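The values are calculated or read from the model by the stated rules, or taken from the named source; none is laboratory data. Predicted model, so just to flag it, every value in this text is computed and none were measured. Methodologically, a virtual Cβ is constructed for each residue, glycine included, from the backbone with ideal geometry; neighbour enumeration extends over all protein chains shown.
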Amino acid sequence: MIDHSHFFDDRAAEWDKDPKKIERAQHTAQLIMDTVAPNSEADVFEFGAGTGLVSQFLSPHVGSLTLADNSEGMRDVIVQKIEAGVLPEATLSDSDLVQGKLPDEKYDLVVASLVLHHVADVPALLKSFASILKPGGAACIIELDDAGGKFHAHIEHYDGHDGFKREDFEQTLHEAGFAKVEFHDADEIEREDGNFSLFLANAITSENH
């Protein structure tokens, strides 16, 4: 699979200048708060955090934040935000859940916003999510509904996923070890070539996890 991190390296410095990205991150954080209701001491791990926008909006409502991203450009922006106090109580992780390099800590929430469609082995990644969650913890995953190849049609040689069918994704989450899965309609991405719907999947581990 193509290393998509270089694509994001080139865009990291300008990422937060797009008001639509900021608005989507704010909506994502609010939807997570409304549906999972983490408490003020919740330990959160954001996978593929980008510039940390979703974590920024979660920050006032949770405890610790651990952010991970494999794009050096995005990691640089995260470090700048931590040093500037934009992401208080946040740390940047060197873990790589795609490669099986897991953190030692366990978390109440794992958050991944529009990341999984760039990952080749989604089932393995979901198993990693489950393994770093505390009993009763939740993986909160924002993703594209199946777009039938249209969403990434403008990207030459794109070899990721063009969204996911909810029923198939739910089955994959159960096979990864999650006890309960809830879907919620999320935002839409509006473009000249059409509107593309998003979902939030909240996957909960067993209390005996």
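Could you pull out the residue among ALA147, ALA138, ALA124, ALA130 that is in contact with a strand residue (DSSP E or B) (Cβ under 6 Å, 6 or more places away or on another chain), at pLDDT 90 or above and surrounded by 13 or more Cβ atoms within 10 Å (Cβ to Cβ)? ALA138 is the lone residue from the list that is in contact with a strand residue (DSSP E or B) (Cβ under 6 Å, 6 or more places away or on another chain), at pLDDT 90 or above and surrounded by 13 or more Cβ atoms within 10 Å (Cβ to Cβ). When restricted to residues that are farther than 11 Å from LEU92 by Cα and at pLDDT 95 or above, the stretch 61-75 contains 4. Only residues that are farther than 23 Å from GLU207 by Cα and either among the small types (Gly, Ala, Ser) or in a loop (DSSP other than H, G, I, E, B) (or both) were counted in the stretch 120-143, giving 2. If you go through the stretch 99-119 and pick out every residue that is outside any strand (DSSP E or B) and farther than 17 Å from VAL181 by Cα, you end up with 12. Does the stretch 103-119 include one or more residues that are charged (D, E, K, R), in contact (Cβ under 8 Å) with a residue 60 or more places away in the chain, within 21 Å of LEU200 (Cβ to Cβ) and in contact with a strand residue (DSSP E or B) (Cβ under 6 Å, 6 or more places away or on another chain)? Yes, the stretch 103-119 contains at least one residue that is charged (D, E, K, R), in contact (Cβ under 8 Å) with a residue 60 or more places away in the chain, within 21 Å of LEU200 (Cβ to Cβ) and in contact with a strand residue (DSSP E or B) (Cβ under 6 Å, 6 or more places away or on another chain).
Of all residue pairs spaced 6 or more apart or on separate chains, those with beta-carbon atoms under 8 Å, a first member in the stretch 64-79 that is touching a residue at least 40 places away in the same chain (Cβ under 8 Å) and over 11 Å from VAL44 (Cβ atoms) and a second member that is acidic (Asp, Glu) and in a helix (DSSP H, G or I) are SER71/ASP9; GLU72/ASP9; GLY73/ASP9; MET74/ASP9; VAL77/ASP16.
With respect to the stated conditions, SER131 fails to be among the polar types (S, T, N, Q) and touching a His at 6+ places or on another chain (Cβ under 8 Å).
When the stretch 184-206 is filtered for residues that are of a type in the set (S, T, N, Q), surrounded by 14 or more Cβ atoms within 10 Å (Cβ to Cβ) and either in a strand (DSSP E or B) or without any contact (Cβ under 8 Å) to a residue 12 or more places away in the chain (or both), the ones remaining, listed by number, are SER197, ASN202. Can you pull out the residues in the stretch 79-96 that are modelled with pLDDT under 95, in contact with a helix residue (DSSP H, G or I) (Cβ under 8 Å, 6 or more places away or on another chain) and not in a loop (DSSP other than H, G, I, E, B)? Passing the criteria: only LYS81. Exactly one residue out of THR51, THR28 is modelled with pLDDT under 95 and surrounded by 20 or more Cβ atoms within 10 Å (Cβ to Cβ): that is THR51.
In a strand (DSSP E or B), at pLDDT 95 or above and farther than 18 Å from ARG24 by Cα: does that describe VAL181? Spelling it out, VAL181 is indeed in a strand (DSSP E or B), at pLDDT 95 or above and farther than 18 Å from ARG24 by Cα. Of the residues ILE132, ILE142, the single one that is touching a Lys or Arg at 6+ places or on another chain (Cβ under 7 Å) and β-branched (Val, Ile, Thr) is ILE132.
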